[in-house]
Structure formats: C-alpha cells, structure tokens
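Visitor: Quick one: the structure is below, and I'll ask about it shortly.
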Amino acid sequence: MLTHPTLDQLRTLGLHGMAKAFIDVTADADAGSLTHPDWLALLLDREVVHRQDKRLGSRLLHARLRHQAAPEDIDYRTARGLDRALLKRLVEGDWIKAHDNLVITGPTGVGKSWLACALGHKACRDDRSVLYVRAPKLFDDLALAHGDGSFPRRLKRLGAVDLLILDDWGLEPLTAQGRHDLLEILEDRYARHSTLVTSQVPVADWHGLIGNATYADAILDRLVHNAHRIDLAGESLRRTKSNHQA
C-alpha cells in the first residue's frame, strides 16, 4: 500500500486525526484483519476525537480559567454545605441552555472559585464559550477601556460568551462607573447567556455594595432573580489541607 501519498493527501485535506490513525493502524500487526468499513470507521472516529480535542483546547485557552478544575474532581466529603444533587444538575448544563445564572457564596477558601472553574471546564467540554474574569481586575480594565476607546469592543465580548464567570465579586464597593458598566454587561446578557458570580459577601448585602438604590435594583433583578444558589460554609480548604500536611 502506498502509505506516503495517502498521508500527504490526508494532511493536505486537514484530516490530521485520520492521518495519525492511518500511521497507527498500518503499524499494527492485526491491521490485516480489519475490513474496509472497519478501517474507515476507525479513521473517522479518530478524526472526530481529534477535532473535539482541538476545539476543547481552543475553548479552554479563551476561557482563561483560574484553576485546572473538572467536575469529576469535586470534593463532596468535606463538610461545606455542598448539595450533591444540585451540583449534578448544574454539571449537566441545562441551566446554561436556559440562560439562567448561578451565584456561589461563602467565606474565603471554601472552594468557590474552584467550583466555578470546574463548571466552566464542563461548559467548554459541552462546546460552549466561556470567559473567566476576576471582578476587581475587570472593573479596573473597563475603566482603562473607557479611556482608550476599547470599551465597546470589551463590552461586546463580555456580552457574547455563553458563560461569563465573575469571580471575587464584592471585595470592594462599586464606583459610579463600575455600577454603570456592570449594568451594561448584565443587560446585554440577560435572558441570552448565563453569568456565574462568586462572592464572599452574602447576597442580602449586595444592595449596599452597589451603592445606589436604582442601580442596585436593576443589577440584582438581572442577576439574582433567575439564579441558582450555592451557599457554602465551613473552614478554609487551604487551611484544612495545610493542617493535614503538618
């Protein structure tokens, strides 16, 4: 069999998964037992997997997730008020399909950011676009974007992703510009895409953090009223792990 011309043709067509499978199968001593349909099916399967892996890699690259977290690694043993049934439903991703939001609150170190990134990773695996941002840095960047004229482009990107993860919300009160920017982001996303927010501050105190009653009502209406809630408790996992290592 003329393997080199075949490989060249596969690579020219961009069928790199099939090309790799072609090399592997021809090197297998049992390849002679495969029928032509079996050969074709194997090559096609490898091409599909190759493209899925490449697409996932691209999704994760653009998501910029803070943690390398996955749903399979979620710790349900540590007592922190984690509802396994709710997490299972969230991992399935129907809430993103329905354009619902998710709010994860709890004290520092209980795994809010890690859980958010695990759900973000699963969304990437489900071929959804994801973007992770820390709230303090986001508002700093948006303030600069107003100055250099890039704000409309940034706003468009923030509004377009299937899942926006806004981590560490509420570490400091919003400025007047920050209130306006957050409302613009949530208005663009409302009933179109999902937003996941993590915070050390209980939702009941968010109104005061926003600092303006009119803006607070509008922001919370777009963010919280259709949000699933995870309220974590307990000691810092970082402290617990440190004690176990000691």
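The values are calculated or read from the model by the stated rules, or taken from the named source; none is laboratory data. The structure displayed is predicted, hence computed values, not measured ones. Note that each Cβ is placed from the backbone with ideal geometry, even for glycine, and that neighbours are counted across all protein chains shown.
Visitor: Return the total of residues in the range 143-176 being among the acidic types (Asp, Glu) and either modelled with pLDDT under 95 or surrounded by fewer than 19 Cβ atoms within 10 Å (Cβ to Cβ) (or both).
Guide: Going through the range 143-176, the residues among the acidic types (Asp, Glu) turn out to be 148, 162, 167-168, 172.
Filter again for either modelled with pLDDT under 95 or surrounded by fewer than 19 Cβ atoms within 10 Å (Cβ to Cβ) (or both), leaving 148, 172.
Adding up the residues that qualify gives 2.
Visitor: Looking at the range 106-122, can you tell me whether even one residue there is assigned to a strand (DSSP E or B) and closer than 24 Å to residue 206 by Cα? Talk me through it step by step, then tell me what you get.
Guide: Step one: filter the range 106-122 for residues assigned to a strand (DSSP E or B), giving none.
Checking the range 106-122: not a single residue is assigned to a strand (DSSP E or B) and closer than 24 Å to residue 206 by Cα.
Visitor: Please work out if residue 179 is basic (Lys, Arg), in contact (Cβ under 8 Å) with a residue 24 or more places away in the chain and surrounded by fewer than 17 Cβ atoms within 10 Å (Cβ to Cβ). Talk me through it step by step, then tell me what you get.
Guide: Working: basic (Lys, Arg): yes; in contact (Cβ under 8 Å) with a residue 24 or more places away in the chain: yes; surrounded by fewer than 17 Cβ atoms within 10 Å (Cβ to Cβ): no.
No; evaluated as a whole, the condition is false for this residue.
Visitor: Would a scan of the range 205-216 turn up a residue that is crowded, with 19+ Cβ neighbours inside 10 Å, of a type in the set (D, E, K, R) and assigned by TED's automatic domain parsing to the domain that holds residue 103? Spell out how you get there, then give the answer.
Guide: Just the residues of the range 205-216 that are crowded, with 19+ Cβ neighbours inside 10 Å, to begin with: 206, 210.
Those still in the list that are of a type in the set (D, E, K, R) too: none.
Within the range 205-216, none of the residues are crowded, with 19+ Cβ neighbours inside 10 Å, of a type in the set (D, E, K, R) and assigned by TED's automatic domain parsing to the domain that holds residue 103.
Visitor: From the residues in the range 182-204 that are of a type in the set (A, V, I, L, M, F, W, C) and over 23 Å from residue 160 (Cα atoms), which one is surrounded by the most Cβ atoms within 10 Å (Cβ to Cβ)? Spell out the reasoning first.
Guide: Within the range 182-204, the first condition is being of a type in the set (A, V, I, L, M, F, W, C), and the residues that meet it are 182-183, 185-186, 191, 196-197, 201, 203-204.
Filter again for over 23 Å from residue 160 (Cα atoms), leaving 201, 203-204.
Details: 201: 13, 203: 17, 204: 8.
Looking at the filtered set, the residue picked out is 203.
Visitor: A follow-up question, please. Only one of these is under 30 Å from residue 123 (Cβ atoms), modelled with pLDDT of 75 or more, of a type outside the set (D, E, K, R) and surrounded by 12 or more Cβ atoms within 10 Å (Cβ to Cβ): 50, 16. Name it. I'd like the intermediate steps shown before the answer.
Guide: On the way: 50 fails: modelled with pLDDT of 75 or more.
Step by step, each of 50, 16 is checked, and only 16 is under 30 Å from residue 123 (Cβ atoms), modelled with pLDDT of 75 or more, of a type outside the set (D, E, K, R) and surrounded by 12 or more Cβ atoms within 10 Å (Cβ to Cβ).
Visitor: Residue 195 - would you say it is assigned by TED's automatic domain parsing to the domain that holds residue 100, in contact with a Lys or Arg (Cβ under 9 Å, 6 or more places away or on another chain), modelled with pLDDT of 95 or more and of a type in the set (Val, Ile, Thr)? Step through it out loud before you land on a result.
Guide: Working: assigned by TED's automatic domain parsing to the domain that holds residue 100: yes; in contact with a Lys or Arg (Cβ under 9 Å, 6 or more places away or on another chain): yes; modelled with pLDDT of 95 or more: yes; of a type in the set (Val, Ile, Thr): yes.
For residue 195, the condition - assigned by TED's automatic domain parsing to the domain that holds residue 100, in contact with a Lys or Arg (Cβ under 9 Å, 6 or more places away or on another chain), modelled with pLDDT of 95 or more and of a type in the set (Val, Ile, Thr) - is met.
Visitor: Which pairs have Cβ atoms under 9 Å, sit 6 or more apart or on different chains, and link a residue in the range 199-223 that is assigned to a loop (DSSP other than H, G, I, E, B) to one that is surrounded by fewer than 16 Cβ atoms within 10 Å (Cβ to Cβ) and of a type in the set (Phe, Trp, Tyr)?
Guide: none
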